[in-house]
Amino acid sequence: MPTGRVFITNGTARTCLAAVRSLGRQGLDVTVGEERRISLAALSRHCHRAVAYPSPERDSDRFIAWLRKRLHREQYDVAMPVDQHTFHLFARHRDELETLTKIPVAELSVFEDAHDKAKTFRAALAAKIPCPETHFLETRQDVVALGRRARFPLIVKPRIGSGSRAVTRVSNADELTAAWTRIHQKQPFPLVQEYIPPGGEALGVSALFNRDAVPRALFVHKRLREYPVGGGPSTLRESVIRPEAAELAVRLLQALRWYGVAMVEFKVDPRDGVPKLMEINPKLWGSLNLAIASGVDFPALWYRLAVDGDVAPVFNYRAGVRGRLLLADALHFLTNPDRFRLRPSFFRLGDPRTRGDIWDPSDPIPGLALGPLLLLEGWRPSVVKHVFRRSHTIPAAPESRRSTVRDINASTSNQPGEGR
């Protein structure tokens, strides 16, 4: 069993909790960082210590200075970011940080090709990856001209950010111009895309690539339920075997020369049965625990890849395993008019195939503490705003402050949703 020391960020995220449990089960000494010492992952029995750091989002310079000092003093084997913002900072400062420890993330230019949806879709089109018809508009006149000839509905989405936030469905030329202009004011040049009708599977292809852009782990899941209903992060999902989607994800990430972990999201177009690209999440993903439970232990593999330089490929896993975020699934149930006709039923709480994203009987304290932690966080206005306006907020570009501008919340079948 390996021994080593790991520093990991974003302790409040359930993704971090899944990673900490994975790394701890490998016998690793894990330090969890967050803006507060008490966090979900810090309460795991696999967390050896918890530390508080300056906000990576509000004060990135102080965070990097803190991180540099911490890595120099503690001499970790690997430092792992978790959310998109810390991934971006790790990529931006990768050369400097790698003098202190292993930083298993893509270089900045590669990260930004995956982070910026305009760059992602240009790369995908060049690699002949199936995509919704995509319009790269540069002026308001271009938008007006598209409105005259386009077939509606269309989707307008910001170039930066993951999940369904600010993704807007428009039904006519006036709505298109208004939505594009509104988003453009906060994030220049949003994309306009063809609307993929409902009926096809929403698939996520999780991947780990080595420094030569060779895939070392692959896993596919399909989304069964989500919140908000019709366009949000998944609340219930299931492992599946979908070689076509996995092959498309590999082609795209290899075209970008990717290194490290990422998830590529597709929506199967019911008109032709072809998976169409939705986005890349260039980070750890919300359904990480499902991949681990199905037999692809991404955090452990990511650590070994960083330390050893490569790992043996892991492409086989158990299909039919389900992962559930119970609280969010309850919100789906409460807001879905067809709540009593859900398949599988919401009330199948004892299903042996289903694993909780947070609850783990071998590590119960984070699950037991979730309610008090949510109550504690819920009193903070910024958290309340994030929870209740998630689908309305235009995420700010990395160089600017986060926006609180509200946007249309339309349920669209090609909204991505594994962002967090």
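Determine whether the range 257-268 contains at least one residue that is crowded, with 20+ Cβ neighbours inside 10 Å, modelled with pLDDT of 95 or more, hydroxyl-bearing (Ser, Thr, Tyr) and under 19 Å from the mean Cα position of the chain (by Cα).
Yes, the conditions are met somewhere in the range 257-268.
Looking only at the range 210-244, count how many residues are closer than 24 Å to Phe87 by Cβ, crowded, with 22+ Cβ neighbours inside 10 Å and of a type in the set (A, V, I, L, M, F, W, C).
4
Looking only at residues in the range 78-99 that are touching a Phe, Trp or Tyr at 6+ places or on another chain (Cβ under 8 Å) and not in a helix (DSSP H, G or I), which one is nearest to Leu284 (Cα to Cα)?
Per the stated criteria, the residue is Pro81.
Suppose we filter the range 302-332 for residues that are among the hydrophobic types (A, V, I, L, M, F, W, C) and over 23 Å from the mean Cα position of the chain (by Cα); how many remain?
So in the range 302-332, the residues among the hydrophobic types (A, V, I, L, M, F, W, C) come out as 302, 305-307, 311-312, 314-315, 319, 321, 325-328, 330-331.
Checking which are over 23 Å from the mean Cα position of the chain (by Cα) leaves us with 307, 311-312.
Residues meeting the conditions: 3.
Can you find a residue in the range 308-316 that is farther than 23 Å from Arg237 by Cα, buried (at least 17 other Cβ atoms within 10 Å of the Cβ), assigned by TED's automatic domain parsing to the domain that holds Ala114 and modelled with pLDDT of 90 or more? Lay out the reasoning, then the answer.
So in the range 308-316, the residues farther than 23 Å from Arg237 by Cα come out as 308-313.
Then keep just the ones that are buried (at least 17 other Cβ atoms within 10 Å of the Cβ); that gives 311.
Subset that is assigned by TED's automatic domain parsing to the domain that holds Ala114: 311.
Still in the list and also modelled with pLDDT of 90 or more: 311.
Within the range 308-316, one or more residues are farther than 23 Å from Arg237 by Cα, buried (at least 17 other Cβ atoms within 10 Å of the Cβ), assigned by TED's automatic domain parsing to the domain that holds Ala114 and modelled with pLDDT of 90 or more.
Scan the range 135-158 and tell me whether some residue there is farther than 25 Å from Gly230 by Cβ and polar (S, T, N, Q).
Yes, the conditions are met somewhere in the range 135-158.
Pro228 - would you say it is in a loop (DSSP other than H, G, I, E, B) and either more than 30 Å from Arg92 (Cβ to Cβ) or free of Cβ contacts under 8 Å to residues at least 60 places away in the same chain (or both)? Let's see the steps before the verdict.
Details: in a loop (DSSP other than H, G, I, E, B): yes; either more than 30 Å from Arg92 (Cβ to Cβ) or free of Cβ contacts under 8 Å to residues at least 60 places away in the same chain (or both): yes.
Against the criterion (in a loop (DSSP other than H, G, I, E, B) and either more than 30 Å from Arg92 (Cβ to Cβ) or free of Cβ contacts under 8 Å to residues at least 60 places away in the same chain (or both)), Pro228 qualifies.
Given the criteria at positive phi and either out of contact with any His (no Cβ under 8 Å at 6 or more places or on another chain) or surrounded by 16 or more Cβ atoms within 10 Å (Cβ to Cβ) (or both), does Ala207 qualify?
When the stated conditions are applied, Ala207 does not pass them.
Based on this model, can you work out whether Glu112 counts as surrounded by fewer than 18 Cβ atoms within 10 Å (Cβ to Cβ), assigned by TED's automatic domain parsing to the domain that holds Arg159 and on the phi < 0 side of the Ramachandran plot?
no
Hey, could you check the range 167-216 for residues that are of a type in the set (A, V, I, L, M) and more than 24 Å from Gly230 (Cα to Cα) and say which is nearest to the chain's Cα centre (by Cα)?
Taking the candidates together, the pick is Ala207.
Just one of (1) at pLDDT 95 or above; (2) of a type outside the set (Ser, Thr, Tyr); (3) closer than 30 Å to Val321 by Cα trips up Val229, so point out which.
(1)
Any idea which of (1) among the β-branched types (Val, Ile, Thr); (2) part of a helix (DSSP H, G or I); (3) closer than 26 Å to Arg339 by Cα is the one Val268 doesn't satisfy?
(2)
Please work out if Ala178 is of a type in the set (A, V, I, L, M) and in contact with a Leu (Cβ under 8 Å, 6 or more places away or on another chain).
So Ala178 fails the test.
Counting just the residues of the range 61-101 that are of a type in the set (Ser, Thr, Tyr) and in contact (Cβ under 8 Å) with a residue 12 or more places away in the chain, which one comes out nearest to Met263 (Cα to Cα)? Please lay out each step first, then the result.
We begin by selecting, within the range 61-101, every residue of a type in the set (Ser, Thr, Tyr); these are 76, 86, 99, 101.
Right, trim to in contact (Cβ under 8 Å) with a residue 12 or more places away in the chain and you get 76, 86, 101.
Values: Tyr76: 26, Thr86: 16, Thr101: 25 Å.
Result: Thr86.
Mind listing whichever residues of the range 116-147 are touching a residue at least 60 places away in the same chain (Cβ under 8 Å) and in contact with a strand residue (DSSP E or B) (Cβ under 8 Å, 6 or more places away or on another chain)?
The answer is Lys117, Ala118, Thr120, Phe121, Ala124, Ile129, Pro130, Cys131, Pro132, Glu133, Thr134.
If I ask for residues that are among the β-branched types (Val, Ile, Thr), assigned to a loop (DSSP other than H, G, I, E, B) and surrounded by 19 or more Cβ atoms within 10 Å (Cβ to Cβ), which ones from the range 125-177 would you list?
Residues satisfying the conditions are Ile129, Ile160, Val167.
Considering the range 22-56 alone, what residues qualify as being among the charged types (D, E, K, R) and either under 13 Å from Tyr303 (Cβ atoms) or outside the structural domain of Leu67 (by TED's automatic domain parsing) (or both)?
Arg25, Asp29 - these are the residues of the range 22-56 that are among the charged types (D, E, K, R) and either under 13 Å from Tyr303 (Cβ atoms) or outside the structural domain of Leu67 (by TED's automatic domain parsing) (or both).
Considering only the range 32-43, state which residues are over 22 Å from the mean Cα position of the chain (by Cα) and modelled with pLDDT of 95 or more.
Of everything in the range 32-43, just one residue is over 22 Å from the mean Cα position of the chain (by Cα) and modelled with pLDDT of 95 or more, namely Leu43.
Which strands (runs of 3 or more DSSP E) sit wholly inside the range 1-74 and have at least 1 residues that are of a type in the set (S, T, N, Q) and surrounded by 18 or more Cβ atoms within 10 Å (Cβ to Cβ)?
29-34
Test each condition in (1) surrounded by fewer than 12 Cβ atoms within 10 Å (Cβ to Cβ); (2) at pLDDT 95 or above; (3) not polar (S, T, N, Q) for Tyr303 and report the one that comes out false.
Only one criterion in (1) surrounded by fewer than 12 Cβ atoms within 10 Å (Cβ to Cβ); (2) at pLDDT 95 or above; (3) not polar (S, T, N, Q) is unmet by Tyr303, namely (1).
Would you check if Gly200 is touching a strand residue (DSSP E or B) at 6+ places or on another chain (Cβ under 6 Å), farther than 30 Å from Leu305 by Cβ and in a loop (DSSP other than H, G, I, E, B)?
Here the answer is yes, as Gly200 does meet what is asked.
The values are calculated or read from the model by the stated rules, or taken from the named source; none is laboratory data. Since the structure is predicted, the reported quantities are computational estimates derived from the model, not experimental observations. Every residue, glycine as well, gets a Cβ built from its backbone with ideal geometry; the counts of neighbours run over all protein chains shown.
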